[in-house]
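The values are calculated or read from the model by the stated rules, or taken from the named source; none is laboratory data. Being a predicted model, the structure only gives us computed values, none of them experimental. Heads up, the Cβs are rebuilt from the backbone with ideal geometry, glycines too, and the neighbour counts pull from every protein chain shown. Please note that ligands, DNA and RNA were not included when accessible areas were found on the heavy atoms of the full protein model with its side chains. Shrake-Rupley method; radii C 1.70, N 1.55, O 1.52, S 1.80 Å.
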Amino acid sequence: MTEILSVENLALGFRTEGGLARVLDMVNLSVRPGEIVGLVGESGCGKTTLARAILGTLPPAITRISHGRIRLAGADMLAGPGEATAGAVRGRAVTFIPQDPFASFNPLFRIGTQIMDLMRWKSPRRKPGARTGLYSPRRRRADRAAVIAMLDAVQLPQPERLLRKYPHELSGGQRQRVMIAMALLPGPRLIIADEPTTALDVTVQAQILALLRRLATERGVAVLFTTHDLGAAWEICDRVAVMYAGQTAEIAPRESFFGAPRHPYTRLLLESLPQEGRNPVGIPGTVPSPRAAPPGCRFHPRCPRASEHCRSARPALAGGEGHVTACHHPVMAPLEAVADA
Amino acid sequence: MPEAPILELHGLTRHFPVRGLLNRRIGTLRALDGVDLAVREGEVLGIVGESGCGKSTLGKTIMGIHAPTGGEVHFEGRKVAAPGLERPPEVRARLQYVYQDPGASLDPSWSLRRSLHEPLVIHTGLPRAAREARIREIVAAVGLPDAHLDLYPHEISGGQQRRVGLARILALGPRLVILDEPTSGLDVSVQAAVLTLFRNLRAAFNLTYLFISHDLAVVRSMCDRVAVMYLGRVVEIGPVAELFAAPKHPYTRALLAAAPRVGGPRVTEGFILQGEPPDPSRIPEGCRFRARCPLAAPVCAQEPALEGSAHQAACWRAEEVA
């Protein structure tokens with residue numbers, strides 16, 4: 001087994017007053033070491049729920065996992081209350097970059113305090129199996145040197161001074177750089193980045209994407225990059241997976257995903273991108289509610305190629321050469337508009 | 001002979017005081033710092049720039065939500081905003097502003113019919129039957145069934161609320177509509193439908209749009225001309241095709257290079273612009289972009305003016321690099 005992360009046929013829902021909301025329905029995804037996988041889809045398609053399921057941070061009281069498994073760096077993340085393995089994996093083998101870095105810092109503590117708190121528990125120099133928060137001066141010195149070196153690597157000027165600042169004194173781009181540094185410090189094998197550049201301006205986004213891609217490649221860290229911005233996915237991903245209403249629609253390498261998408265939803269999504277000299281069409285209809293999801297393929301009410309078969313039978317992911325599609329009627333021709341651009 | 005512009009800005013300035021301890025004035029945030037702009041009848045003028053560049057302040061100052069600190073706004077040939085000038089009331093109906101989500105401004109406890117009647121009650125003396133006829137016409141134009149008029153906002157979808165919000169604005173027959181980030185936060189499939197709606201409405205009602213957005217791809221597909229703003233000033237303005245094909249100002253170039261485009265080259269591999277825009281309360285002397293500009297020269301210590309005919313750029317070195 002070579003994958004660092006594998007999600008197999010995951011189905012889960014949330015108990016709500018209006019019945020069970022089946023948010024994820026048979027999701028498949030794998031990430032190999034060192035690659036950047038984009039997870040794209042519209043709001044409400046289950047991207048964030050999947051990311052939280054992988055991290056094991058879904059609210060246990062209302063979550064019902066009906067099917068499937070998640071293996072992360074060899075540990076089973078759905079094993080339930082056996083927190084020991086998941087705890088050693090979470091924050092160590094896998095780390096997280098949030099969408100809004102400001103909401104993730106405590107505004108009352110200095111950046112340095114918050115980074116050193118992280119290192120106290122999650123530093124790679126901490127003895128495996130240690131249960132207490134003992135922090136020897138020797139490890140603290142080594143960790144501090146590592147923090148300074150990392151802040152330098154994410155191109156933050158004057159790291160010593162930065163550690164004494166409060167979160168509000170940093171700009172959005174700087175905060176996201178600190179977040180990237182904090183995600184890399186525990187020496188993870190996988191980073192889950194949940195829309196890390198949505199809140200940033202485009203020139204800052206370009207810098208952050210470049211930084212993320214460079215550091216991930218240099219250190220051989222795999223990245224699961226969720227986004228709704230197809231341009232950003234094109235920019236840094238090696239492979240792209242698209243989700244629709246909690247189902248995996250298509251997984252493909254970057255070139256064939258954008259050049260020859262097979263799922264009708266992927267095609268419509270790409271054709272909705274604004275482009276000069278073309279009126280984007282959009283997709284008629286709306287994303288179904290997870291409480292009343294249509295049977296079969298969840299996209300069939302909006303799909304131009306839907307047939308009777310799509311209403312009754314759920315298509316499985318099929319295809320070859322790393323390009324798999326969950327569709328009974330995939331399109332096999334390349335996409336013209338993108339091929340021309 | 002080109003038509004007279006519907007909207008003209010002359011040196012429009014809006015400064016906000018920065019206050020410190022005991023409300024003492026400790027600085028000035030120069031959100032708009034001398035903007036000259038002319039919008040022609042019937043065109044779509046895009047305003048792009050990063051956050052903090054003053055594009056929303058520009059829209060709000062034109063609308064009269066902020067009073068200008070200096071400069072003038074001329075609308076349909078008459079002066080409507082200047083320091084100390086009371087805004088003529090009849091301008092309000094003809095100049096309208098669309099927020100990011102126009103549906104969110106509907107009163108939840110009013111039926112849609114009542115919400116739609118309200119602007120006509122305030123701005124016109126029409127009898128009820130005439131108002132009703134006008135509303136039905138507009139509601140059909142934005143693509144809503146008549147039967148929806150008796151519903152309440154929570155009974156219709158977000159997309160329909162947006163249409164009602166637009167219908168309310170259009171009921172008054174505006175000439176110029178300012179759209180402030182109308183597509184940010186929308187998914188691409190919804191965004192495409194919203195843009196199509198804007199295009200159709202513009203054709204049906206003969207509107208002029210001032211389209212404020214940070215999304216270059218949307219501006220490119222939607223606008224006739226585009227103005228790029230940086231720290232409270234317009235640094236480049238020109239026809240969309242020309243500006244996107246051959247940007248003159250180094251900031252515009254960086255902005256265009258930074259936006260990833262599906263099918264294009266990987267921008268992160270050759271991206272050179274570093275840092276972030278400075279704080280608008282501490283704008284550098286001379287050319288505002290000087291500190292981040294790869295082409296900065298000693299001459300840039302003086303502030304450049306917009307130069308050129310149709311396609312203008314405010315850069316000393318625009319010609320030698322082009």
Name the pairs: first residue in the stretch B:76-87 and over 14 Å from B:A38 (Cα atoms), second residue assigned to a loop (DSSP other than H, G, I, E, B) and of a type in the set (A, V, I, L, M), Cβ to Cβ under 8 Å, at least 6 apart or on different chains? B:A81/B:A67; B:P83/B:A67
How many residues does the stretch B:71-103 contain that are in a loop (DSSP other than H, G, I, E, B) and open to solvent by less than 40 Å² (accessible area, probe 1.4 Å)? 2
Options A:T217, A:T286, A:T248, A:T226: the member that is at pLDDT below 90 and not in a loop (DSSP other than H, G, I, E, B): A:T217
Can you name every residue in the stretch A:255-299 that is charged (D, E, K, R), touching a strand residue (DSSP E or B) at 6+ places or on another chain (Cβ under 7 Å) and buried (at least 18 other Cβ atoms within 10 Å of the Cβ)? A:R262, A:R298
Can you find even one residue in the stretch B:170-180 that is part of a helix (DSSP H, G or I), over 13 Å from A:P274 (Cβ atoms) and more than 10 Å from chain A (Cβ to nearest Cβ)? yes
First in the stretch B:247-269 and more than 7 Å from chain A (Cβ to nearest Cβ), second anywhere and charged (D, E, K, R) and buried (at least 23 other Cβ atoms within 10 Å of the Cβ), Cβ under 8 Å, 6 or more apart: B:P247/B:E236; B:K248/B:E236; B:H249/B:E236; B:Y251/B:E236; B:T252/B:E236
Counting only residues that are in contact with a Cys (Cβ under 8 Å, 6 or more places away or on another chain), on the phi < 0 side of the Ramachandran plot and not in a strand (DSSP E or B), the stretch B:204-231 contains a total of 0
Mind checking whether some residue in the stretch A:278-297 is without any contact (Cβ under 8 Å) to a residue 24 or more places away in the chain, of a type in the set (A, V, I, L, M) and within 13 Å of chain B (Cβ to nearest Cβ)? yes
Reported set for the stretch A:206-234 where residues are more than 7 Å from chain B (Cβ to nearest Cβ) and open to solvent by 20 Å² or more (accessible area, probe 1.4 Å) is A:R214, A:T217, A:E218, A:R219, A:G220, A:D229
Only one of B:E285, B:E303, B:E320, B:E242 that is open to solvent by 40 Å² or more (accessible area, probe 1.4 Å), of a type in the set (D, E), out of contact with any Gly (no Cβ under 9 Å at 6 or more places or on another chain) and in a loop (DSSP other than H, G, I, E, B): B:E285
Out of the residues in the stretch A:4-40 that are outside any strand (DSSP E or B) and over 16 Å from the mean Cα position of the chain (by Cα), which is surrounded by the most Cβ atoms within 10 Å (Cβ to Cβ)? A:G18
Read through the list (1) open to solvent by less than 10 Å² (accessible area, probe 1.4 Å); (2) in the same structural domain as A:E321 (by TED's automatic domain parsing), then give the number of the only condition that A:I251 fails. (1)
Can you spot a residue in the stretch B:104-116 that is open to solvent by 50 Å² or more (accessible area, probe 1.4 Å), in a helix (DSSP H, G or I) and within 27 Å of B:I62 (Cα to Cα)? yes
In this structure, does B:G275 turn out to be closer than 26 Å to B:C300 by Cα and more than 12 Å from every other protein chain (Cβ to nearest Cβ)? no
Residue check, B:P17 in a strand (DSSP E or B), open to solvent by 40 Å² or more (accessible area, probe 1.4 Å) and without any contact (Cβ under 8 Å) to a residue 24 or more places away in the chain: yes
Looking at the stretch B:197-231, which of its residues are touching a residue at least 40 places away in the same chain (Cβ under 8 Å), open to solvent by less than 10 Å² (accessible area, probe 1.4 Å) and either in contact with a Ser or Thr (Cβ under 6 Å, 6 or more places away or on another chain) or at the interface with another protein chain (Cβ under 10 Å from one of its Cβ atoms) (or both)? B:V219, B:V228
Filtered residues of the stretch A:153-174 (kept if assigned to a helix (DSSP H, G or I) and within 11 Å of chain B (Cβ to nearest Cβ)): A:G172, A:G173, A:Q174
Cβ-Cβ below 6 Å, separation at least six or inter-chain, first residue in the stretch A:58-80 and surrounded by fewer than 16 Cβ atoms within 10 Å (Cβ to Cβ), second part of a loop (DSSP other than H, G, I, E, B) and of a type in the set (A, V, I, L, M): which pairs? A:R69/A:L78
Selection status of B:L144, surrounded by 14 or more Cβ atoms within 10 Å (Cβ to Cβ) and part of a loop (DSSP other than H, G, I, E, B): yes
Here are some residues: B:V234, B:V194. Which one is in a strand (DSSP E or B) and either more than 14 Å from chain A (Cβ to nearest Cβ) or crowded, with 16+ Cβ neighbours inside 10 Å (or both)? B:V234
Unique residue being more than 21 Å from A:V147 (Cβ to Cβ) and either in contact with a His (Cβ under 8 Å, 6 or more places away or on another chain) or away from every other protein chain (no Cβ under 11 Å) (or both) when the list is A:A181, A:A252: A:A252
